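So the structure is just underneath, and the comments pick up after that.
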Amino acid sequence: MKKQQNPCLYLVVPCYNESEIIKISIESLDSKISHLIENKKISKKSKIIFINDGSRDNTLDILKKYKTQRITLLSLSHNSGHQNALIAGLEYALNKCDCAISLDCDLQDDINLIDKMIEKFKDKFEVIYGVRDDRKEDSFFKRFSAVGFYNLMRFLGVNIIKNHADYRLLSNRAINNLLQYKEVNLFLRGIVPLIGFKSCNLYYKRIARVAGESKYPFFKMLSFAIDGITSFSVQPLRFLSIIGAIVSLFSLIFGIWALITYFNGGTISGWTSMVVPMYFLGGIQILGLGILGEYIGKIYKETKGRPRYFIDEIIE
Ligand code: UDP
Ligand code: MG
C-alpha cells in the first residue's frame with residue numbers, strides 16, 4: 001500500500017437515544033473534521049456518518065437539522081444494537097473512504113486521538129486500537145467486572161485487546177475483510193484482531209459521559225460479555241466435560257466406599273452424604289445444560305442467518 005498523503009476519513013458514530021448529547025457531539029466532531037481538513041491532514045471528502053439506531057427520543061430530529069455536506073445520516077428501521085449499528089456504518093463506508101474511525105457519540109473517547117490515528121495510518125498501520133490508559137472514572141463494579149472479563153477471555157484463549165472497546169481506525173482493506181465475517185452474534189472487538197494487518201495501540205484517557213446515561217445497563221453488559229465468550233471460545237464446553245469427568249470419578253469412589261461400608265455392616269442413615277451430592281450434582285447438571293443451551297442458542301441464531309439491520313433512510 002502506498003503512503004496515504006491526505007486520506008479520506010469517515011467517522012462512524014452510532015447513536016441510540018442520545019438527544020441529550022447529540023448536538024454537542026455533532027458540533028465537536030464537525031469542528032474536529034474541519035480542523036483536520038484545514039490543516040491538510042485529511043481529504044476534503046472526509047465525512048461523519050451518524051447511525052441512528054432506532055432511537056425513541058428525538059435524536060433523529062436533531063440529527064436531521066444538521067444537514068451539512070460533511071454529515072451523512074443512516075437511520076436504521078429499529079434498534080438493532082450497538083454492534084450492528086457499527087456494521088451498518090462500516091458497510092456504508094466501504095470503498096468510499098481510505099479509512100474509518102468508529103467511536104461512540106457520547107464523546108467519552110478522546111477525539112484528539114483522531115490526529116494520532118491519522119498519523120499512524122499514514123505510517124501504513126491499518127488497524128489502530130484506541131485503548132483506555134486506566135479505568136479510574138468507572139465505578140468499582142464496572143472496573144472489577146471488566147478486569148475479570150478480560151482475564152477470563154485471555155484464559156479461554158481469545159485474543160482480545162485489554163481496555164479497548166470500539167474506538168478504532170480501520171483501513172478500507174481492513175473494513176472489507178471485517179465485513180466478510182457474516183456472523184449474526186457480533187462481538188467486533190473479538191473479530192478485529194483476527195483480520196490481521198499491521199496494527200498498533202494508541203492510549204487515551206476516557207472521560208465520563210457529558211450528558212445522558214449509559215445504554216449498557218448491567219444485564220445488557222452481562223449478555224454482551226456472555227456473547228463475547230461464547231462467540232469466540234468453546235472452552236466452557238470442554239471445562240464442563242472435565243468437571244463432569246471429575247465429579248463422576250468422585251461419585252464412583254464414593255459409591256465403592258458406600259458399598260464397602262454396607263457389606264461391613266456399618267451403614268449409617270447418612271442424610272448429609274445423600275443430600276449434599278444430590279444438590280451438588282443437580283447444580284452442575286443445570287449449569288452444564290445452561291452452557292450447552294448458550295451454544296445451541298447461538299447455532300440457532302446463526303443458522304437462520306437473519307439480516308443484521310435494515311436501513312430506513314439515508315440522508316446525505
Ligand atoms: N448504542 C447504539 N445502540 C444501542 C446501544 C448503544 O447505537 O442499542 C450507542 C450509543 O448511543 C453510544 C454507543 O453505542 O454511542 C455506546 O453506548 P454507551 O455509551 O451507552 O455505552 P458505555 O460507554 O456506557 O459502555
Ligand atoms: Mg459511553
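The values are calculated or read from the model by the stated rules, or taken from the named source; none is laboratory data. Values in this document were obtained by computation on a predicted structure and should not be read as measured data. Neighbour counts are summed over all protein chains in view; Cβ atoms, including those assigned to glycine, are modelled from backbone coordinates with ideal geometry. These area figures cover heavy atoms from the full protein model, side chains too; ligands, DNA and RNA do not enter into them. Shrake-Rupley method; radii C 1.70, N 1.55, O 1.52, S 1.80 Å.
Here are the numbers for the structure shown:
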| read-out | value |
| --- | --- |
| Pick from the range 44-66, criterion open to solvent by 20 Å² or more (accessible area, probe 1.4 Å) and closer than 16 Å to Tyr10 by Cβ, ranking: nearest to ligand 1 (Cβ to nearest atom) | Lys47 |
| Total residues in the range 217-241, condition within 16 Å of ligand 2 (Cβ to nearest atom) and without any contact (Cβ under 8 Å) to a residue 24 or more places away in the chain | 3 |
| Hits in the range 98-117 (condition: over 16 Å from Tyr16 (Cβ atoms) and either open to solvent by 10 Å² or more (accessible area, probe 1.4 Å) or touching a Pro at 6+ places or on another chain (Cβ under 7 Å) (or both)) | Asp98, Cys99, Asp110, Ile111, Asn112, Asp115, Lys116 |
| Filter result for Lys298 (on the phi < 0 side of the Ramachandran plot, among the basic types (Lys, Arg) and open to solvent by 40 Å² or more (accessible area, probe 1.4 Å)) | no |
| Residue identified as among the hydroxyl-bearing types (Ser, Thr, Tyr), under 30 Å from Arg189 (Cα atoms) and without any contact (Cβ under 8 Å) to a residue 60 or more places away in the chain among Tyr300, Tyr262 | Tyr300 |
| Hey, Leu292 over 36 Å from the mean Cα position of the chain (by Cα) and in a helix (DSSP H, G or I) or not | no |
| Qualifying residue in the range 191-212 (condition: open to solvent by 30 Å² or more (accessible area, probe 1.4 Å), away from ligand 1 (no atom under 16 Å from the Cβ), part of a helix (DSSP H, G or I) and in contact (Cβ under 8 Å) with a residue 24 or more places away in the chain) | yes |
| Leading residue by the ranking (nearest to ligand 2 (Cβ to nearest atom)) among those in the range 71-97 that are touching a helix residue (DSSP H, G or I) at 6+ places or on another chain (Cβ under 6 Å) and either under 20 Å from Ser31 (Cα atoms) or open to solvent by 10 Å² or more (accessible area, probe 1.4 Å) (or both) | Gln83 |
| Flag for Phe218 being away from ligand 1 (no atom under 16 Å from the Cβ) and either open to solvent by 40 Å² or more (accessible area, probe 1.4 Å) or acidic (Asp, Glu) (or both) | no |
| Criterion (touching a Pro at 6+ places or on another chain (Cβ under 7 Å) and either away from ligand 2 (no atom under 16 Å from the Cβ) or of a type outside the set (Lys, Arg) (or both)) met by exactly one of Ile37, Ile24, Ile51, Ile33 | Ile51 |
| Per-region count, the range 153-178, residues in a helix (DSSP H, G or I) and in contact with a helix residue (DSSP H, G or I) (Cβ under 7 Å, 6 or more places away or on another chain) | 5 |
